[in-house]
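**Student:** Quick one: this structure, given as structure tokens, is what I'll be asking you about.
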Amino acid sequence: SQKIEQNSEALNIQEGKTATLTCNYTNYSPAYLQWYRQDPGRGPVFLLLIRENEKEKRKERLKVTFDTTLKQSLFHITASQPADSATYLCALPNSGYSTLTFGKGTMLLVSP
Amino acid sequence: EPEVTQTPSHQVTQMGQEVILRCVPISNHLYFYWYRQILGQKVEFLVSFYNNEISEKSEIFDDQFSVERPDGSNFTLKIRSTKLEDSAMYFCASSPGHPLSGANVLTFGAGSRLTVL
């Protein structure tokens, strides 16, 4: 089954800097990959979907890349704000495309 | 904005009791899911449901668990004979389209926290 690896250590950055989070997967390359945000005690919230034929996707201050050769996605938040502090989850479909499997997530802490 | 509604927000039960967690998915969504998250761990898939039947389930989803869509709006997760290790946050989610199309962007509810004593 697909193994998804996200940096388990929290990422601490200063307000205004760019945060970069990494998602690596070990098995098959899926047709798409998704990123979600999760705040403490809340359900994940969808942020971005990127397809295998898209190298890069942007939404406001968010940017996602997808490198199927490296089996890696990078998630960037530019001009970070304290309100961006949360856990960010990478999610991939399973091989049967019947559901999404989530990584453990990386906690981002943005200090003023 | 449409949302997925879950009740109760928190349930405390004794070991061995049965619990039912309820969800109202987004009305025009076709695919329904239950996930759980044990404190400090990742969001784990339990079961997916489409066209009034289970389409996929994980190894966690054993005979202790069942799901039902009793009417056109509710989607329930029943846990029989609860165990201490069932303590977790249970999330319901729904999506509008088929996962293969990439249209299975999941909308999650706020979760039901289950505490088994």
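The values are calculated or read from the model by the stated rules, or taken from the named source; none is laboratory data. Computed from a predicted structure; not experimentally measured. Cβ: placed from backbone, ideal geometry, glycine included. Neighbour counts: every protein chain shown.
**Student:** Going through the range A:28-56 one residue at a time, which ones are within 15 Å of A:D67 (Cβ to Cβ) and either more than 14 Å from the chain's Cα centre (by Cα) or of a type in the set (G, A, S) (or both)?
**Tutor:** Matches in the range A:28-56: A:Y28, A:S29, A:P30, A:A31, A:E52, A:N53, A:E54, A:K55.
**Student:** Scanning the range A:29-62 for residues that are closer than 14 Å to A:S73 by Cα and of a type in the set (F, W, Y), which turns out nearest to the other protein chains (Cβ to nearest Cβ)?
**Tutor:** Checking each candidate, the answer is A:Y32.
**Student:** Considering each residue of the range B:38-96, count those that are of a type in the set (S, T, Y) and in a loop (DSSP other than H, G, I, E, B), and give that number.
**Tutor:** Number satisfying all stated conditions: 5.
**Student:** Now for a different question. Taking the stated definitions as given, is A:L21 more than 14 Å from chain B (Cβ to nearest Cβ), on the phi < 0 side of the Ramachandran plot and among the hydrophobic types (A, V, I, L, M, F, W, C)?
**Tutor:** Here the answer is yes, as A:L21 does meet what is asked.
**Student:** Take A:G105 and tell me if it is closer than 25 Å to B:S48 by Cα, surrounded by 13 or more Cβ atoms within 10 Å (Cβ to Cβ), within 11 Å of another protein chain (Cβ to nearest Cβ) and among the small types (G, A, S).
**Tutor:** The answer is yes for A:G105.
**Student:** Looking at B:N52, B:N104, B:N74, can you tell me which residue is over 12 Å from the mean Cα position of the chain (by Cα), at pLDDT below 95 and surrounded by fewer than 20 Cβ atoms within 10 Å (Cβ to Cβ)?
**Tutor:** That would be B:N52, the only listed residue that is over 12 Å from the mean Cα position of the chain (by Cα), at pLDDT below 95 and surrounded by fewer than 20 Cβ atoms within 10 Å (Cβ to Cβ).
**Student:** Another one. Can you pull out the residues in the range A:6-18 that are away from every other protein chain (no Cβ under 14 Å) and part of a strand (DSSP E or B)?
**Tutor:** A:L11, A:N12, A:I13, A:Q14
**Student:** Quick one: A:T101 ticks every box in (1) part of a strand (DSSP E or B); (2) modelled with pLDDT of 95 or more bar one, so which box is it?
**Tutor:** Here A:T101 meets the rest and fails (2).
**Student:** Another one. Residue check, A:A91 against (1) within 14 Å of another protein chain (Cβ to nearest Cβ); (2) surrounded by fewer than 16 Cβ atoms within 10 Å (Cβ to Cβ); (3) part of a strand (DSSP E or B), all met but one. Which one?
**Tutor:** Every listed condition holds for A:A91 apart from (2).
**Student:** Filter the range B:24-60 down to the residues that are more than 10 Å from chain A (Cβ to nearest Cβ) and polar (S, T, N, Q) and list them by number.
**Tutor:** B:S27, B:N28, B:N51, B:N52, listed by residue number.
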